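Following this message is one structure expressed as structure tokens.
Taken together, the values in this text are just the output of simple stated rules run on the coordinates, not laboratory data. Model, not experiment: these values are computed from the prediction. A quick note on method: Cβ atoms are made from the backbone with ideal geometry, for glycine too, and the neighbour counts reach across all protein chains shown.
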Amino acid sequence: MKILHVIDGLGRGGAESLLINSIKLSPADEHIVVCLSHLYEFDSALKKLFTHYTVTVNNKLRIPGAVFSIRKIINRHKPDLVHAHLPLSGIITKLAAPKHIPLFYSIHSQYSFCYFNKNRLLKMMEKFTARPYHHLIGVSKTAVDDYVKYITNSGTTDVLYNFAAGNFFNAQQGNPYKPGQTLRCMAVGHLKYEKNYEYMLAQMAMLKQLPVTLDIYGDGVDADKLKKMKTSFQLSAVEFKGKAANVDELMNQYHVFISCSASEGFGIAPVEAMAARLPVIVSSIPVFKELIDGVGLFVQVNDGEPGESLKTVLEKIVSGQININSNIEPAYNRAKQIAWPNNYIQKLKNIYEKYL
């Protein structure tokens, strides 16, 4: 099968990692990857797995030219299907792809929260470019339901959960937590508003008397603001570790993984932690309820929500009132059920073949 992918760039985000890993897992297929920027943060050797084009789109005026360039690439390679990822790539590809070639576009987040509520033009463009013969693939039922509430002519819809790379399932497990020990916590993800790190730091500021530490891996637009917040709160127990390419090798140094996101399309990081047998604490947002209910601990991050705060849950873990280790095996089994790599590739091919 010849597949032409279009994506904004190849930085180390969730959608980008998913694309690269899926290409690695389907070597029998021919892959052409068109990027809208020169950003590339993966091993350069991986470029041998696909034909790579860059069509730079760094402002709105370049969109018409990008549509024309991508249409030329499609005509040159004559793929069996086209698959676009992320909003800008999706809009441009929907304008570029001919009707006779099946077009799939993946959504990796809750568009209302991340885009539509902030950018009315983007919502208009999604509505304008949507066609009933396109094929929407969402990373969760939560993401799909949210999207079709606003874009009603989006075509067919399928849910395909992201997968965790095999190295997480094979990661060495750390020592289980014992009450009274220093509770070593980790968080992984872009430092941006949606990840709700401000809440996490505010909660840590109320735990200074307890043996609890937090290491945060990742960078992003809010890095400086969050580091200033750490200084203001005098949080010596919190460390910003920057980007890490080997997160799976680091997880055995910790007792628990925390994600307090305000919104997620899927939330691959806590699922990767579950695969590595690291207990998880997550916010009570719909997608985490969909994925993790019954095998993780949930915390209240917004006023009026049911449940306990992160501070209260961490206090109960340290005192022994909550046994986080009881969730390790059920969470691992859940991760294997929804995010096993080979299952993902087979399900993706089943979706493709359904519409070819």
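Taking the Cα atoms of the stretch 40-118, report the difference between the largest and smallest coordinate on each principal axis, in whole Å and largest first.
Projected onto its principal axes, the Cα set of the stretch 40-118 covers 38, 34, 25 Å.
OK, next. Using C-alpha positions alone, give me the convex hull volume of the chain per residue in cubic angstrom.
It is 133 Å³ per residue.
What's the extension gain from T56 to M206 if we count 0.36 nm per residue and subtract their Cα-Cα distance?
49.4 nm
Mind ranking 243-251, 281-289, 54-62, 9-17 by how tightly packed they are, going by the mean number of other C-beta atoms within 10 angstrom, highest first?
Order by mean packing, descending: 281-289, 9-17, 243-251, 54-62.
Further question: Choose one answer from K141, K72, K48: the residue with the largest mean-square fluctuation in a GNM of the chain with alpha-carbon springs under 10 Å.
Judging by the Gaussian network model, the answer is K48.
Next up: Based on Cβ point charges of +1 for Lys and Arg and -1 for Asp and Glu, what charge dipole magnitude is obtained for the chain about its Cα centre, in debye rounded to the nearest 20?
Computed about the Cα centre, the dipole is about 1020 debye.
About the Cα centre of the stretch 166-338, how large is the charge dipole given +1 on each Lys and Arg Cβ and -1 on each Asp and Glu Cβ? Please answer in debye to the nearest 20.
That gives the stretch 166-338 a dipole magnitude of about 380 debye.
Quick check: Cα centre of the stretch 1-73 to Cα centre of the stretch 265-300, how many Å?
The stretch 1-73 and the stretch 265-300 have Cα centres separated by 29 Å.
Separate question: How tilted is helix 310-319 with respect to the longest principal axis of the chain? Cα atoms for both, answer in degrees (0 to 90, nearest 10).
The two axes meet at around 50 degrees.
Using the structure shown, list the pairs from K60/K195; K195/K227; K48/K99; K118/K195; K2/K78 with a Cα-Cα distance above 18 Å, or answer none.
K60/K195; K48/K99
Sticking with this one: How big is the shadow of the Cα convex hull of the stretch 166-338, averaged over all directions, in nm²?
Taking a quarter of the hull surface, the average projection is 9.2 nm².
Please state the equivalent ellipsoid semi-axes for the stretch 1-140: what are the square roots of 5 times the Cα gyration tensor eigenvalues, largest first, in whole Å?
22, 17, 15
While we're looking at this one, here's another question. Can you pull the semi-axes for the stretch 151-195, root of five times each eigenvalue of the Cα gyration tensor, sorted largest first, whole Å?
Whole-Å semi-axes of the equivalent ellipsoid: 36, 18, 10.
Turning to a different aspect of this structure: Give, as a single signed number, the net charge of other residues whose beta carbon lies under 15 Å from the beta carbon of K78, with Lys and Arg counted +1 and Asp and Glu -1.
+2
I need the phi-derived Karplus couplings for the stretch 5-20: 6.51 cos²θ - 1.76 cosθ + 1.60, θ = phi - 60°, integer Hz, Gly and Pro marked x.
So the Karplus estimates, Gly and Pro as x, are 9, 10, 8, 4, x, 10, x, 8, x, x, 5, 5, 5, 4, 5, 4 Hz.
How much length would be gained if the chain were fully extended between L122 and F68, taking 0.36 nm per residue of separation minus their Cα-Cα distance, in nm to one decimal?
17.4 nm
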